[in-house]
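The next block holds one structure in the form of structure tokens; read it before the comments.
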Amino acid sequence: MRKINIGLLGCGTVGTGVAKMLIENKNLISSRVGADLILRRVADIDVKRDRGLTFDDGVLITDAQQVVDDPEIDIIIEMIGGEGIARELILRAIEHGKPVVTANKALLASQGDVIFKAAAEKGIDLAFEASVGGCMPIIKALRESLVGNHIKSMTGILNGTCNYILSKISDEKSSFASALAEAQANGFAETDPTLDVGGFDTAHKLAILACLAYGTGMNFKDIYTEGISRITPLDIEYSSQFGYKIKLLAISKDHGDAIEARVHPTMIPFDNLLSNVNGSLNAITISGDAVGDILLYGHGAGMMPTASAVISDTVDISRNILSGVNSRIPLLAYQMDHIRHIPLMPLDEILTHYYVRFSALDQPGVLSKIAGILGNYGISIKTVHQKGRKTSGSVPIVMLTHLSKEADVRKALAEITALDIVGDAPVLIRIEDEDG
Ligand code: HSE
């Protein structure tokens, strides 16, 4: 049987899962590919750690560049992550004419324009299924399965760490800080959790999906991104009383000449399937003009789920090698010369529903002042709740709005915050609800 040699760069958690799958599922994979996928070289700075795997002598080395430069290697799998050495190694592999598999969403979202251009110019396959949603075949769905559709919108829970933390706050009334500490203790969050809890990891993933769905260039830097660190048990409790769950969502909508793309904590109705995606799981709803809505659900991170996506890409590329073809499927779902810069709609322009919690004095006329300012900006109130009663000090006043424009809401809130009857800055959470 023909042999295809694999070079694996980085043997941390996911890299180890990839190696494990290539070794332990070797026969299964061979029977599906029609060739043996041989793990020829593995590069990692730590060659001593017990990974529970036995590599043949000389397979595990420290020099990643040696792996990329090895003429015997047919496919490079980059599992190092980050935007430094990983970028250099991927570009070097492309330069050598070697197809690359990567899960590196931060790199693709930030520097994808350079990397995809280099791969396209060389006619090299670059596959990245594991960069978004772990095991969920979302890249394949957009690049292949849904190619006949105009993608109208995508709404996803794409960060397991945030979903785990929000589920903890919701189920156990934990504070954000203690839910994060627990996530870190259980290995769900990095020691520096900024990329996850700040929403940036989700924005990286949304930037990649938007390219594939709409044929635009990478626009990660323009995506409005808000993390989950200010979500409190109190707002989760109120949202629940209104029939909503709070999730960190990646939202994108096609407006033809502009794309709406944003990442922020969002209230969604209990009957939205995404509201039942809990713990570290991911899910995404894609809406296409032919298919309607489809939902993918699964593990967005973790050793074996992510390795499964990497192996899927590796098998696709191996099949191309066996057929003597490459670039059969355009890297970003569209032919390169059809990719254009589609601007993102400014956040101020978006129309959505809002939850606003004010902290205000419990006195006659307070509500009418707040409502009056909202009315002046054309913001229609759907529901008002005043929680509790106090003769002195502030009480929470919670309002839900009908569809409103972000710019109007922000201006109104600035004016309301300046009133001396209003305490701290209001809490604002956007709502995705077709009803209302
Ligand atoms: N940090 C990511 C998450 C891992 O929590 O989902 C996978 O991208």
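Of note:
- With Cα atoms, 0 to 90° folded angle of helix 200-214 axis to the chain main axis: 70
- Annotation: extensible slack from Asp271 through Asp69 equals 67.4 nm (criterion: 0.36 nm per residue apart, minus Cα-Cα distance).
- By accessible area with a 1.4 Å probe, ligands and nucleic acids excluded, highest first: order of Tyr377, Tyr354: Tyr377, Tyr354
- The fraction of all Cα pairs in the chain landing in successive 10 Å bins from 0 to the largest distance is 4, 20, 28, 22, 13, 7, 4, 1, 0, given as whole percents.
- Length-normalised contact order for the chain - Cα pairs under 8 Å, 6+ apart - percent: 16
- Rounded percent of accessible protein surface that carbon and sulfur make up, region 119-240, 1.4 Å probe: 51
- Average accessible area per residue (Å²) across region 211-270 - probe 1.4 Å, nucleic acids and ligands excluded: 32
- Of all accessible heavy-atom area on region 348-431, the percent that carbon and sulfur account for (1.4 Å): 51
- Label sites at Thr383 and Glu415, each approximated as a point 7 angstrom past Cα along Cα to Cβ, lie 2.6 nm apart.
- Annotation: aspartates and glutamates with alpha-carbon distance below 17 angstrom to Lys253 (same-chain offsets under eight excluded): Asp222, Asp289, Asp293, Asp348, Glu349, Glu406, Glu432, Asp433, Glu434.
- Diffusion coefficient, µm² s⁻¹, Stokes-Einstein with Kirkwood Rh over alpha-carbon pairs of region 138-297 at 10 °C and 1.306 mPa s: 99
- Between Asn27, Asn163, Asn278, the residue with the greatest mean-square fluctuation in the GNM of the chain (Cα pairs under 10 Å linked by springs) is Asn27.
- Modelled label reach - Leu351, point 7 Å along Cα→Cβ, region 224-258 residues with backbone N closer than 20 Å: 251-258
- The helix-only estimate of mean residue ellipticity at 222 nm for the chain, built from DSSP H runs of length n ≥ 4 each weighted as -39500 (n - 2.57), is -10500 deg cm²/dmol after division by the residue total.
- With Cα atoms defining each centre, region 106-146 and region 185-200 are spaced 23 Å apart in the structure.
- Inter-centroid distance (Cα atoms) of region 399-436 relative to region 303-331, Å: 47
- Whole-number D in µm²/s for region 348-431 (Stokes-Einstein; Kirkwood sum over Cα pairs; 4 °C, 1.567 mPa s): 102
- Set of lysines near Lys3 by C-alpha distance (under 17 Å), chain-local residues within fewer than 8 positions excluded: Lys26, Lys98
- Cross-link table Lys105/Lys152; Lys20/Lys205; Lys105/Lys168; Lys168/Lys411; Lys152/Lys173, entries beyond 28 Å C-alpha to C-alpha: Lys168/Lys411; Lys152/Lys173
- Computed lengthening from Asp337 to Lys405, 0.36 nm per intervening residue step minus Cα-Cα distance: 21.0 nm
- Summed over the residues of region 348-431 and divided among them, the accessible surface reaches 47 Å² per residue at a probe radius of 1.4 Å.
- For region 14-88, the per residue solvent-accessible surface stands at 52 Å², with DNA, RNA and ligands left out and a 1.4 Å probe.
- You can think of it this way: the chain between Ala177 and Ile85 has 29.8 nm of extra reach, that is 0.36 nm per residue less the Cα-Cα gap.
- Relative contact order %, region 348-431, counting alpha carbon pairs below 8 Å whose residues are six or more apart: 48
The values are calculated or read from the model by the stated rules, or taken from the named source; none is laboratory data. None of the values given here were measured: they were computed from a predicted structure. Positions of Cβ are backbone-derived with ideal geometry, glycine not excepted, and every protein chain shown enters the neighbour counts. Note: areas computed on protein heavy atoms with side chains; ligands, DNA, RNA excluded. Shrake-Rupley method; radii C 1.70, N 1.55, O 1.52, S 1.80 Å.
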